Every structure is written in C-alpha cells, then in structure tokens.
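Bear in mind these aren't lab numbers, they're just calculated from the coordinates by the rules spelled out. What you see is a predicted model, and the numbers here were worked out from it, not measured in a lab. Every residue, glycine as well, gets a Cβ built from its backbone with ideal geometry; the counts of neighbours run over all protein chains shown.
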Amino acid sequence: MSTMDNLQEAFAGESQANRTYLAFAKKAEADGYPQVGKLFRAAAAAETVHAHAHLRVMGGVKDTAENLKAAVAGEGHEFQHMYPGFIAEAEAEGNKRALVSFKNAMAVEEIHHSLYTQALTSIDAEADLPQRAIYVCEICGNTVYDRAPEACPICNAPKAKSFEVP
Ligand code: FE2
Ligand code: FE2
Ligand code: FE2
C-alpha cells in the first residue's frame, strides 16, 4: 500500500461515512431526537471536509472540462457495465429490493451521462449551461430541468417527491 492507495481508501471511507451519517440523521429526526440528528449532520459535514481534502491531494479535482469528462466516464461505466451486471446478479438471487435500487440508479446514471455530455459541449464552446431550474426525485434520483414531472418517469413517484436543487 502506498500513500496514493491510502488516500483513495480514506476518500472512499469518508465519503461513505458522510452519506451514512446523513441517513442516520434523518432517522434520528424521525425518531424524535433532533439534537442527535444535528450531531450526525455536523459529523457528516466534517467527513465531507475530510473527503474533499483527500480528493484534492490525490489530484482528483481538475479543471471543469476535465471534471466533466471524468463524470461522463464514471456515469457511463455505471449505466453500461456496473449496474447491468449487478441487476443480472440480483435477478439471479431473487433480491427484489436490490433489483429496484439498482434499476433506479442505472436509469438515472444514463440521464446524468447525457446531462454531463451536454455540459461538456457547452464548456467546449467556453459557455456555462443556460440558467434553468433542476429537480431531483427523492425516491429514485431522477434529474430533470425546468419543472418536476407530475409522475416520475422512472419510479412513478408524485411531483411532491421531487425537490428543486438550490
Ligand atoms: Fe473523517
Ligand atoms: Fe449519477
Ligand atoms: Fe423518481
């Protein structure tokens, strides 16, 4: 193991801790412990600080064109290779909840791939994307411009389940 490997492992661990603590915060709040929820959110924010520090040291943040290329490649890998394999395995094992989770993610990664590709075209022309609202479905992650759909085209959740990204 080298320090570069350690940075990668630490980045993965801190990133996972961030998302885990946010899920724990939601649960603590639902369970009636708002201050415990706040503590989870505080630690989650700190883990993001750590994750970003490790990522920068690894050279994982480049200029925006390079970052978009990395994002396109990552999303492409996920929807073309990773999730199809995971879905096949979940089907073979009869794990229905994993199947739904993987299928939702795969559909949305394909959308992200397309949105990032459009963004890269803009950046290549030295322009930011046009200013538009962006909505995310809190059930499946579906990501859409301008307005939330009446029913999510991926998971069928109602419009109220989509939130506008600040
Ligand atoms: Fe940390
Ligand atoms: Fe994605
Ligand atoms: Fe959805």
May I ask you to verify whether F40 is part of a helix (DSSP H, G or I) and under 26 Å from L115 (Cβ atoms)? no
Members of the stretch 45-69 found to be in contact (Cβ under 8 Å) with a residue 12 or more places away in the chain and more than 17 Å from the chain's Cα centre (by Cα), listed by number: H50, H54, V57, M58, T64, A65
Looking at (1) touching a strand residue (DSSP E or B) at 6+ places or on another chain (Cβ under 8 Å); (2) β-branched (V, I, T); (3) surrounded by 17 or more Cβ atoms within 10 Å (Cβ to Cβ), can you tell me which one I123 breaks? (1)
When Y135 is evaluated against the numbered criteria (1) surrounded by 12 or more Cβ atoms within 10 Å (Cβ to Cβ); (2) more than 30 Å from K62 (Cβ to Cβ); (3) within 15 Å of ligand 3 (Cβ to nearest atom), which criterion, by number, is the only one it fails? (2)
Are any residues in the stretch 1-41 within 27 Å of V57 (Cα to Cα), within 20 Å of the chain's Cα centre (by Cα), more than 16 Å from ligand 2 (Cβ to nearest atom) and among the small types (G, A, S), and if so, which ones? A10, A12, G13, A17
Boolean, F11 is in contact (Cβ under 8 Å) with a residue 24 or more places away in the chain, away from ligand 3 (no atom under 16 Å from the Cβ) and in contact with a Leu (Cβ under 8 Å, 6 or more places away or on another chain): yes
Only one of these conditions is not met by A90: (1) in contact with a Leu (Cβ under 8 Å, 6 or more places away or on another chain); (2) within 16 Å of ligand 2 (Cβ to nearest atom). Which number is it? (2)
Can you pull out every residue in the stretch 70-100 that is under 13 Å from the mean Cα position of the chain (by Cα) and free of Cβ contacts under 8 Å to residues at least 12 places away in the same chain? G74
